[in-house]
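Step one of this worksheet: look at the structure below.
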Amino acid sequence: MAQGERELAGGEPLTRRALIGRGAAAFAAVSLIPAFRIEPAAAAAECAPPSGFPGSIELYQQAFTNWAQEIVVEPLWSCAPRNAAEVVKVVNWAMGAGYRVRPRGQMHGWSPLSVAPGMTCRSKVIMVDTSHLDRISLRSSRPPVIRAGAGALMEDFLDFASSRGFGVTAAPAPGDITIGGALAIDAHGTAIPAEGERRRDGHTFGTLSNLVTALTAVVWSRQSRRYELKRFERSDPRIGPLLAHVGRAFITSVEMRVGRDQNLRCVSYTDLTVDELFAKPSSAGPDTRTFDSYLKEAGRAEAIWYPFTTEVWLKVWSVSKSKPASSRKVDSPYNYSFSDNLSLEVSNATSQMLLGDPSLTPSFGQLQMNATKAGLASGDAYDLWGKSKNLQLYVRPSTLRVTANGYAVHCRRRDVQRVISEFTRYHQNHMDEYRARGSFPSNMPVEIRVTGLDHPAHSGVRGAAPVSLSAVRPRADRPEFGVAVWFDILTIPGTGDLDRFYRETENWIYRNYSSYALVRPEWSKGWGYGPQGAWSDPDMFERRIPASFRRKGARRGTWKSDVAGLDRLDPYRLFTSPLVRRIMPRT
Ligand SMILES: Cc1cc2nc3c(=O)[nH]c(=O)nc-3n(C[C@H](O)[C@H](O)[C@H](O)COP(=O)(O)OP(=O)(O)OC[C@H]3O[C@@H](n4cnc5c(N)ncnc54)[C@H](O)[C@@H]3O)c2cc1C
């Protein structure tokens, strides 16, 4: 076997040609092996290596597959710098050679911010695996600030914090995403203050990007006429667009504020009906168990609503210093093994089954709900308690490979139930309309979470710059908007009518909420559903996104000037992909 070849199950040697011949599915399957790569000798036989690449840094080819396996790009020239200085070396080489540079985290996202389908090893793109930039250390203990390389995993970051008695109020559900990847898209969990709760020092109800106190990025120096490492403090206005740059920068390390850890309890409910939990505010009595009532009580909740089911899986987290008698103490994360312990084969078989016979969707929805109830019961997972990170991390890479759309709807705290009830009613009717025509465009659950907004003061830094491009950046002219409701509708990639269904949903969301709320897309998910599916609607790029960052009546918004700020830091636009260039055209 030649160098760089591996055996597929069937015994066929794993070469580039074999992969491409087998098509996207096989290609996706093997490229999910994290270590899978084609070493220089085998790679060069197919595609001339980029000339003049720094000899001290190993060059190889590696495939790129996004989470839902919708974006499967054949092996691209890649490298894994051992430190930030080597990243700078690669970037300066790329500038001279006319290459773009794409930092690569764990590829656990949906939107093609990194690469575009159709790229090949001949594309002038160098992928930079950040996994060696993984050091985590305590920068200061008063106030507590943790320094992390951008390639460090979220789970390692939270473990490090937890072992020193620190934590965050909310975090994204998966732990195997990189800090760099998470901050690029202002990653979030679910939390707003419960009734009477005050935000603790070092905590935010916004996104993780809002906890950054300083970061180091690779930026252009006009003096040296080279790309260099530069540290930006949170009080420097230039840091704003770097805090959540949507794929338009290269960050090598960050410093993040954390607070005293707060133990959490997480109670699952599976007996709440859609009618009750998502009731119209006007029809809800004082004892109705609405989503809002749980927010008042605990501030932290997530609804998982499987298709065509009348009951919802609601998780409610509450701050609880000591273990309630009925709770089970957990010492590690990922405590819902029934929902995220699937092999890729089982995941793919489920997809094939639903794509083959979409009419199974309603019964599959019910099956998922039944499996949830059974899994919670058999795993003794209805009522859990422990350190925050053990309750905040609950999605493993071995969960179903689905695609999702995503939006953040800013609103007044008192409008949360209205926002949720309107959305869920619309979704239910929408699904029923399609069902009547024999179509089932969404076969996976709807997820609903609620967070606060990114108030810069939460970072604890005086004069902190805003998280300029955050989906939950507050709008100065809408001070009454205190929270954001995040909606995701999940489905299996390739499901019939998916794009049309998502497009109708998106248009409804923008139309419905325009009178009393504000909508922005969730960067890592699907949005901008146009003629070519997600991320193709010109109106989203040209009007909806920039307008959402513009004060009413103002001629110019902040979007353009913040994008211009990123252009100044990278005038050669090395850190862009086709989608990033569409989101942020040259200013
Ligand atoms: C199952 C699942 C559940 C999820 N749950 C949540 C959730 O609860 N909350 C949430 O907010 N998100 C969630 N996400 C989305 C996830 O947080 C984002 O997709 C995140 O970007 C993934 O990080 P990654 O390391 O895989 O980055 P990648 O997918 O590899 O990269 C994402 C983007 O970040 C850029 N990037 C990566 N590293 C750097 C760097 N060092 N400097 C600059 N840019 C960089 C890449 O170029 C790319 O543009 C979920 C995703 C999955 C698959």
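Protein heavy-atom accessible surface, 1.4 Å probe, per residue over the chain: 39 Å².
For the range 446-587, the residue among 516, 557, 584 whose Cα projects farthest onto the positive side of the dipole built from Cβ charges is 557. Rounded to whole numbers, the Karplus 3J(HN,Hα) couplings from phi for the range 248-260 are 10, 7, 10, 9, 9, 7, 9, 10, 10, 6, 10, x, 4 Hz, using 6.51 cos²θ - 1.76 cosθ + 1.60 with θ = phi - 60°, and x at Gly and Pro. Taking a ≥ b ≥ c as the square roots of the eigenvalues of the Cα gyration tensor, the range 376-450 is oblate, since a/c reaches 1.5 or more and a/b is not larger than b/c. On a per residue basis, the convex hull of the C-alpha atoms belonging to the range 216-329 measures out at 206 Å³. Solvent exposure of residue 145, expressed as accessible area, is near 10 Å², computed with a probe of 1.4 Å over the protein chains only.
The distance linking the range 511-554 with the range 264-332 is 30 Å (Cα centroid to Cα centroid, whole angstrom).
Using alpha carbons only, the radius of gyration of the range 277-353 set against its Kirkwood radius gives Rg/Rh = 1.07. For the set 302, 447, 345, the ranking by accessible area, highest first and with no ligand, DNA or RNA atoms included, is 345, 447, 302 under a 1.4 Å probe. What a 1.4 Å probe finds exposed on the range 167-211 is 47% carbon and sulfur by accessible area, rounded to a whole percent. Each peptide in 196-204, 569-577, 368-376, 546-554 receives the mean, over its residues, of other Cβ atoms within 10 Å, and ordering these scores from highest gives 569-577, 368-376, 196-204, 546-554. With contacts taken as Cα pairs under 8 Å and at least 6 residues apart, the range 432-587 reaches a relative contact order of 20 percent. Note on residue 280 and residue 353: their simple-model spin labels are 3.8 nm apart, each label 7 Å out from Cα toward Cβ.
Here the accessible area of the range 512-572 is 47 percent carbon and sulfur, with a 1.4 angstrom probe and all protein chains present. Summarised as an ellipsoid, the range 63-192 has semi-axes of 30, 19, 10 Å, derived from the eigenvalues of the Cα gyration tensor scaled by 5 and square-rooted, with the largest first. Simple point charges give the picture: +1 on the Cβ of Lys and Arg, -1 on the Cβ of Asp and Glu, and for the chain a dipole about the Cα centre of about 2480 debye.
Between residue 122 and residue 543, the modelled label-to-label distance comes to 3.9 nm, taking each label 7 Å out from Cα in the direction of the beta carbon. Taking only alpha carbon atoms, the chain gives an Rg to Rh ratio of 0.95, where Rh is the Kirkwood radius. In this calculation the C-beta distance from residue 142 to residue 195 is compared with R0 = 45 Å, giving a FRET efficiency of 0.90. Give me the percent of Cα-Cα pairs in the range 406-498 that sit more than 24 Å apart, rounded to a whole number. Percentage above 24 Å: 38. DSSP beta bridges fully contained in the range 79-164 are about 45 percent antiparallel. Taking the helices alone, the chain has a mean residue ellipticity at 222 nm of -8500 deg cm²/dmol, built from -39,500 (n - 2.57) per DSSP H run of at least 4 residues and averaged over all its residues.
If you plug the beta carbon distance of residue 228 and residue 371 into 1/(1 + (r/R0)^6) with R0 = 56 Å, you get a FRET efficiency near 0.60.
Ligands, DNA and RNA left out, the accessible area of the range 212-296 computed with a 1.4 Å probe is 45% carbon and sulfur.
Note on residue 325 and residue 554: the extension gain reaches 76.9 nm, defined as 0.36 nm multiplied by sequence separation minus the Cα-Cα distance. Beta-bridge orientation, the range 392-532: approximately 95 percent antiparallel, per DSSP, counting only bridges with both partners inside. Cysteine residues of the chain whose Cβ has no partner cysteine Cβ closer than 4.7 Å: 79, 266, 411.
Here the chain carries DSSP beta bridges of which approximately 85% are antiparallel, counting only pairs with both residues inside. The simple spin-label model puts a point 7 Å past each Cα toward its Cβ; for residue 344 and residue 437 those points are separated by 3.5 nm.
Place +1 on the Cβ of every Lys and Arg and -1 on the Cβ of every Asp and Glu in the chain, take the dipole about the Cα centre, and give the residue among 93, 190, 332 whose Cα lies farthest towards its positive end. Looking along the dipole axis, the top candidate is 93.
The values are calculated or read from the model by the stated rules, or taken from the named source; none is laboratory data. Computed from a predicted model, the values in this text were never measured in an experiment. Neighbour counts are summed over all protein chains in view; Cβ atoms, including those assigned to glycine, are modelled from backbone coordinates with ideal geometry. Surface areas here come from the heavy atoms of the whole protein model, side chains and all, with no ligands, DNA or RNA. Shrake-Rupley method; radii C 1.70, N 1.55, O 1.52, S 1.80 Å.
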